[in-house]
Amino acid sequence: METYQGPAVSSLSVYGQSLGELAVETLKRTCSDLSRPGLLRAAESVRGYSSSLMLPGIQVNLGPDQHRAIETLQLVQIRGDGSTAKLGGLVPAE
């Protein structure tokens, strides 16, 4: 983002891009039915989706009774050189 004079990368920009990619995936699933019911049906059909920024194992699963997009987190340690190291396994988001 900084390469193109955008804001500095933060957890919110990563989250925003992930949700944006999910919105694109949902629109692809509408099969040209861009009505409210068609869009809701498409969104609730998302299972096992991962955006380009999600770590392996973190998936989005939506359904009629499940509307939270991201419910899993991966704890990582950010090193001085910008690299990361996993700290334990995946944990449910509170």
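Key figures
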| item | result |
| --- | --- |
| Selection from the stretch 29-55 of residues that are charged (D, E, K, R) and either within 29 Å of GLY82 (Cβ to Cβ) or over 16 Å from the mean Cα position of the chain (by Cα) (or both) | ARG29, ASP33, ARG36, ARG41 |
| Candidate set from the stretch 4-23 (those that are surrounded by 10 or more Cβ atoms within 10 Å (Cβ to Cβ) and aliphatic (A, V, I, L, M)); member that is farthest from the chain's Cα centre (by Cα) | VAL9 |
| Top-ranked residue of the stretch 70-81 - restricted to ones that are modelled with pLDDT under 75 and assigned to a loop (DSSP other than H, G, I, E, B), ranked as surrounded by the fewest Cβ atoms within 10 Å (Cβ to Cβ) | GLU71 |
| Members of the stretch 1-57 that are part of a loop (DSSP other than H, G, I, E, B), among the β-branched types (Val, Ile, Thr) and farther than 12 Å from ALA69 by Cα | VAL9, THR30 |
| Breaking point among (1) surrounded by 10 or more Cβ atoms within 10 Å (Cβ to Cβ); (2) touching a strand residue (DSSP E or B) at 6+ places or on another chain (Cβ under 9 Å); (3) modelled with pLDDT under 90, for PRO92 | (1) |
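The values are calculated or read from the model by the stated rules, or taken from the named source; none is laboratory data. Since we're looking at a predicted model, the values are computed, not measured. Glycine gets a Cβ as well: all are built from the backbone with ideal geometry, and neighbour counts include every protein chain shown.
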